[in-house]
Structure formats: structure tokens, C-alpha cells
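Accompanying notes for the structure given below.
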Amino acid sequence: MKTLYLKTIAKTESGYINPKKDKIYMLALKSDDIKILKRDEEEIIEEFVKIFKKYEPDRIVGFKQDTEDFPLLYERAKSYGINLNLGKDESPVDFSGKYFRGIILKETKINGRENIDLFAIAWRDFPRLPTKEIDELADALEIKGFKRIPQFRIKEKSDEELEYYLRDYVRTIEEISNAILPFEESISSICDVPIDRQIRMTVGELIDVIVKREMKKRGIKEMRIGKAGRYEGGYVWLKEPSVYENITYLDFQSMYPNIIKAWNISPETVDMDEGEEIEIEGVRHRIKKEVRGVIPELVDDFLSRRLELKKKLKEKYDKRMDAEQRALKVMANAMYGYMGWNGASYYNRNAAELIAALARYYIKNVRKIIEEMGGTVIYVDTDGIQFIGGNWEKIMNKINDEYPLNIELERIAQRGVYWSKKKYAHLYDGKVTAVGVEYIRRDYPQIIKDAQKQIVEHLLKGNVERARELRRRYRSMIKEGKFEIEDIAVVEQLTKKPEEYEKATKASVAAKILMENYGVEVHRGMYIYIAIVKGSGGPTYRARPIEMVKIEDLDLSYYLSMYDETINRTFEPFKVSPTRKWF
């Protein structure tokens with residue numbers, strides 16, 4: 001496909017782009033090579049349209065082009081009387097949007113061309129990224145070397161710096177798309193949904209397309225079984241906060257799909273006034289066994305196709321084949337959540353509740369087996385179990401022989417630290433991976449996250465004195481204000497319009513300032529980068545947009561307190577470790 005990559009930049013006073021008044025300063029396009037357009041704004045737009053129509057791309061790829069680049073191009077073109085008729089039929093670009101998992105996800109439609117905004121993919125498929133920015137996405141994909149310049153810093157940069165930045169930006173967009181679009185194309189193929197539409201759909205909506213198609217083949221009408229509401233989910237357990245060594249982590253591969261297959265759990269097979277009664281983990285439901293359910297059939301198909309692809313991959317690696325097997329795994333795993341999703345056309349809360357109960361039952365029994373075979377279980381989380389001691393190979397073989405599960409070795413960690421449920425870090429193969437720790441969240445300043453990340457890594461590697469030194473050094477940096485203003489930002493999401501908040505939040509207070517003082521258009525789902533300044537009242541009422549704050553305005557005591565609390569918590573399990581004296 002002929003693909004065009006693009007990125008615009010504008011110099012703004014507020015740090016937020018207003019398409020009606022902020023001008024395009026530079027524009028980068030990459031087709032066969034990279035072109036930087038940087039004359040006056042009208043010429044930039046005219047040249048862009050000329051290049052676009054000459055190249056005739058089938059696919060346009062960018063990052064946040066639906067919220068930044070195309071709205072800016074459209075408004076600026078309109079101010080010069082230039083038509084942005086980019087459709088293959090010469091039709092103009094069209095703007096729409098939808099509420100999508102907590103954010104207003106905008107879309108630019110260009111007839112006859114696929115418009116792929118990588119931000120939509122980051123938002124849906126990379127939930128652990130704190131802010132879903134392009135540098136975070138690149139880092140998650142191990143694409144190194146790109147550093148995003150915050151919008152409010154653009155005005156400080158020289159033309160030479162900005163030109164280099166734009167070249168690097170579109171190269172990074174291309175690398176990201178090469179890494180993730182084969183997977184997205186596989187999802188589209190499985191669901192039979194065009195890629196530019198599917199990336200803007202939730203996984204539940206995609207499963208709904210598949211399930212509706214198969215249910216209609218059987219003549220089964222849409223249904224709602226069970227009342228809406230919460231039910232008990234997976235089993236999570238922690239022995240105690242501490243540091244452990246030589247940790248075996250076993251992962252239940254496709255645990256929920258395997259339960260669905262083994263028990264024939266589907267919307268039309270559970271609690272349909274007939275079938276075998278099952279009582280387990282405090283829940284009781286009926287399952288029809290005589291007719292194979294639609295979802296077990298789909299799961300069986302996905303998993304068997306995946307198995308075949310994995311066999312072929314062992315013989316010879318193929319990037320697209322690998323992407324397809326990963327897509328099949330994702331779609332199979334999503335079947336459980338679909339049945340308990342309120343928006344499902346074939347909603348069956350009871351079926352989802354039963355799957356969760358069976359998962360708890362199995363994992364508790366697995367824990368007993370491990371302990372009977374000489375292991376000590378230290379952590380359980382939904383579909384994985386971690387323990388020390390015992391012969392992991394014998395344990396794994398026994399579990400796979402006795403239960404309808406497929407358990408595999410995830411890793412053997414040299415060392416691990418556990419602070420609480422869903423908050424731990426492992427050292428293995430010389431690297432540290434973390435779950436739930438502050439440094440992978442967005443509601444902590446970058447300088448505190450950087451400090452904690454380095455301290456955790458050094459502690460797990462046994463470099464206690466280096467960890468203590470870092471603790472002192474970063475504290476001094478905060479106390480003396482030796483950092484860039486963006487490094488102190490706390491990121492909060494605006495979950496509704498600022499005026500709709502009954503109780504003020506840092507995000508709502510900062511958003512009102514952006515609206516009233518700077519005319520910035522704010523919307524639900526928007527991330528606000530916030531600093532806490534000196535003054536009277538609580539921190540919430542002293543929240544300001546980071547773009548409008550100087551270091552001398554900051555309440556450094558607020559950040560020192562946050563730093564001390566975070567780093568003290570970080571050190572705590574190492575102080576009480578029963579297996580090694582750290583201090």
C-alpha cells in the first residue's frame with residue numbers, strides 16, 4: 001500500500017494548539033523520502049495538498065493527527081480559501097468522533113483512504129502506558145532514541161532543531177506502524193472489519209461483530225441473561241510484602257478460553273432453564289452440554305489456528321504469521337469479558353460469573369499442588385502463580401495432566417520485591433520488570449518516577465549503597481529546584497466537563513484556568529499536566545497547568561513530601577526481608 005506519514009507543528013503561547021488562531025510552522029511528510037515544508041503557512045498548505053494528490057496515498061499514518069494535524073490543516077486551509085479535498089473522489093475531509101473508554105476519540109474520515117491514528121491503538125491496546133504519548137509507545141515497542149518535545153517547549157526551539165525533530169518524529173511514526181500494524185491487520189482480518197474502523201472500536205465491540213455473525217447463522221436472537229452488576233473476579237493473594245529469591249512464575253496460557261472450551265460456557269448455554277447444575281466457589285448455574293456453544297466453538301477455532309501458526313513459526317519465523325497468532329490469542333482471551341460486558345448483544349452475566357468462579361477454583365487447587373510438592377507460594381494473580389522452592393517442571397507437568405489448563409513457565413526471577421497485591425517487581429536476565437509500581441503510573445511526577453525506577457533496579461541487583469546515594473541525590477534536586485518544569489508534572493485525566501464536577505479536582509481546577517485565561521478548548525478524556533504552586537488552600541486549589549508555571553512558583557515542600565512517602569514505601573520490603581539482611 002502507498003503510505004503517507006505526516007506531522008505538523010505550531011508555535012503557541014499557551015502550549016495548546018488552537019486551530020483557529022495558531023499557525024502551522026512546519027509540516028513533515030514521508031512517502032518515498034521525508035519532505036519538510038517550512039515556508040509561509042499558505043505555501044505550506046498548498047504544497048501539502050499538491051504532494052498529497054500527486055502521491056495518492058492509500059493509507060495515512062500519524063500520531064494524534066485526528067486531534068492535532070488534520071483539525072489544524074483544515075482550519076488554516078479554510079482561512080486562505082484552500083479546499084482540503086483529500087478523498088480519492090475529491091471529497092473534503094470529514095470529522096467525527098465517539099466516546100471511547102473514557103475519552104472523546106476523534107476521527108478524520110478521508111474517502112477511499114485509510115486514516116490510521118496510532119494514538120487510537122495506544123489508547124486501546126497499550127493500557128499500561130501512563131499517558132499514551134508517542135515516546136511512551138515507542139519505548140514500549142523498544143524503539144529507542146526518540147524524545148518528545150512538549151508543545152509549550154516548541155516555541156523555544158530553533159528552526160534547525162525543529163526540522164531535525166520533525167524528521168525524527170515521522171521516522172518514529174513509521175517504525176511504530178511497522179511494528180504494530182501487522183497485528184492490527186490480523187485483528188481486522190479475523191473480525192472482517194476495515195482497519196481504520198477497527199482501531200477505533202473497543203475489543204468488546206469487535207467480539208460482538210464476530211459473535212453476532214455466528215449466532216445469526218444458528219438463528220439465535222440477541223439476549224440478556226442475569227442482572228447487570230459486579231461479580232467476584234479473579235483470585236489475588238500475596239503471602240506478605242517482602243523480598244524473595246529464585247522465584248518461579250507459572251502462567252496459565254489462555255486460562256479463561258480453556259475453561260470456556262472445557263465447560264461449554266456460552267451465552268446460549270448458561271441458565272437457559274435446562275442443563276447440568278454446577279455449584280462452585282459459592283456460585284450455582286446450569287450449563288447445557290448436549291449442543292456445542294458458539295463461543296466455545298469460536299475459542300476452539302482461534303486456539304487451534306494459533307497452535308498451527310506457532311508450529312510453523314518454530315520452523316521459520318515470519319513477522320505477519322507471528323502477528324496473526326498474537327491476534328488470535330487476544331480475541332480468544334476477550335471472549336470471557338465479552339459475556340459480562342453490558343454492551344454485548346449476547347450478554348450473559350451468569351456465564352461470566354461462572355467462568356471467574358471456575359478460574360478461582362482451579363488456581364486455588366494449583367496452589368495446593370505446589371505446596372504439596374514442596375513449593376512455597378508467595379503470589380497469586382488471576383491467571384498466574386509465583387512460588388519458591390519445589391521442582392517447577394514436575395509441578396507444571398502434574399497440573400497440565402490433571403486440569404483442563406495449559407500452564408507454562410513465564411520466567412524464573414533471580415529476585416523479586418512485593419509491596420502489596422498487584423504491586424511487585426522482578427529481576428531476571430539482568431532486567432527489571434514491574435507491575436503496579438508508581439514509576440509506571442501517570443499520577444506521579446517524572447522526577448520521582450525516575451528516582452524510584454533506578455532505586456528499585458539497584459536494590460534488586462544488591463547495590464544498596466548506590467540506591468541510598470540516588471535517594472539523597474534526587475531529594476536534593478527537588479529541594480533545590482534543579483529540574484525541568486515538565487519533570488515535576490502530575491498528569492490527571494479530565495473525566496467530564498470542568499463545570500460538571502461537584503467536587504473540585506486538580507484536573508478540573510487546571511482545566512478551568514486553561515479555558516478562562518487562555519481560551520483553550522478542553523474536553524472529557526483530556527490529559528492535563530499539572531503543577532502545585534505556592535499559596536493558601538489545599539493542593540487541589542493550587543493546581544495549575546504546567547505550561548504556565550515557573551520553577552520559582554512551585555510548592556517544593558509538596559513534592560518533597562510526595563517523594564519521601566514514595567521512596568520510603570519503596571525501601572520498606574527490603575528492610576523486613578526474612579531471607580536477607582539488606583541494611
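The values are calculated or read from the model by the stated rules, or taken from the named source; none is laboratory data. None of the values given here were measured: they were computed from a predicted structure. Every residue, glycine as well, gets a Cβ built from its backbone with ideal geometry; the counts of neighbours run over all protein chains shown.
Just for strands (runs of 3 or more DSSP E) wholly inside the stretch 215-300: which have at least 1 residues that are over 30 Å from I388 (Cα atoms) and more than 33 Å from the chain's Cα centre (by Cα)?
Details: elements: 223-225, 236-238, 242-252, 276-280, 283-287.
Where strands (runs of 3 or more DSSP E) fall fully within the stretch 215-300 and carry at least 1 residues being over 30 Å from I388 (Cα atoms) and more than 33 Å from the chain's Cα centre (by Cα), they are 276-280, 283-287.
Looking at T108, T172, just one residue is crowded, with 16+ Cβ neighbours inside 10 Å, of a type in the set (V, I, T) and not in a strand (DSSP E or B), and that residue is T172. Across the stretch 494-517, the qualifying residues are those that are among the hydrophobic types (A, V, I, L, M, F, W, C) and not in a helix (DSSP H, G or I), and the one among them that is surrounded by the fewest Cβ atoms within 10 Å (Cβ to Cβ) is A504.
Every residue, every condition in (1) small (G, A, S); (2) touching a Lys or Arg at 6+ places or on another chain (Cβ under 8 Å); (3) modelled with pLDDT of 95 or more; (4) in the same structural domain as G519 (by TED's automatic domain parsing), yes or no:
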| residue | (1), (2), (3), (4) |
| --- | --- |
| K7 | no, no, yes, no |
| E13 | no, yes, no, no |
| K21 | no, no, no, no |
| I24 | no, yes, yes, no |
| L27 | no, yes, yes, no |
| D32 | no, no, no, no |
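No other residue among L409, L328 is touching a residue at least 60 places away in the same chain (Cβ under 8 Å) and crowded, with 16+ Cβ neighbours inside 10 Å apart from L328.
Under 30 Å from I259 (Cα atoms), out of contact with any Ser or Thr (no Cβ under 8 Å at 6 or more places or on another chain) and assigned to a helix (DSSP H, G or I) - does that describe any residue in the stretch 384-394?
Looking only at the stretch 384-394, we keep the residues that are under 30 Å from I259 (Cα atoms), and these are 384-394.
Now restrict to residues that are out of contact with any Ser or Thr (no Cβ under 8 Å at 6 or more places or on another chain): 384-385, 391, 393-394.
Narrowing the set further to residues that are assigned to a helix (DSSP H, G or I) leaves 393-394.
Yes, the conditions are met somewhere in the stretch 384-394.
Close Cβ contacts (under 7 Å, 6 or more residues apart or on different chains) running from residues in the stretch 238-265 that are at pLDDT below 95 to residues that are among the polar types (S, T, N, Q) and buried (at least 21 other Cβ atoms within 10 Å of the Cβ) are absent.
A count restricted to the stretch 480-493 and to residues that are crowded, with 21+ Cβ neighbours inside 10 Å and either over 17 Å from R441 (Cβ atoms) or among the hydroxyl-bearing types (S, T, Y) (or both) stands at 0.
To keep it simple, each residue is scored yes or no on (1) at pLDDT below 95; (2) among the polar types (S, T, N, Q); (3) outside the structural domain of D139 (by TED's automatic domain parsing).
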{"position": "T382", "(1), (2), (3)": "yes, yes, yes"}
{"position": "N400", "(1), (2), (3)": "yes, yes, yes"}
{"position": "L405", "(1), (2), (3)": "yes, no, yes"}
{"position": "Y418", "(1), (2), (3)": "no, no, yes"}
{"position": "L427", "(1), (2), (3)": "no, no, yes"}
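Within the stretch 155-188, the only residue that satisfies the criterion of being farther than 25 Å from F126 by Cβ and among the aliphatic types (A, V, I, L, M) is L162. In the stretch 490-501, the residues that are within 19 Å of R542 (Cα to Cα) reach residues that are among the hydroxyl-bearing types (S, T, Y) and part of a helix (DSSP H, G or I) with C-beta atoms within less than 6 angstrom, at least six apart or across chains, in these pairs: P498/S508; Y501/S508.
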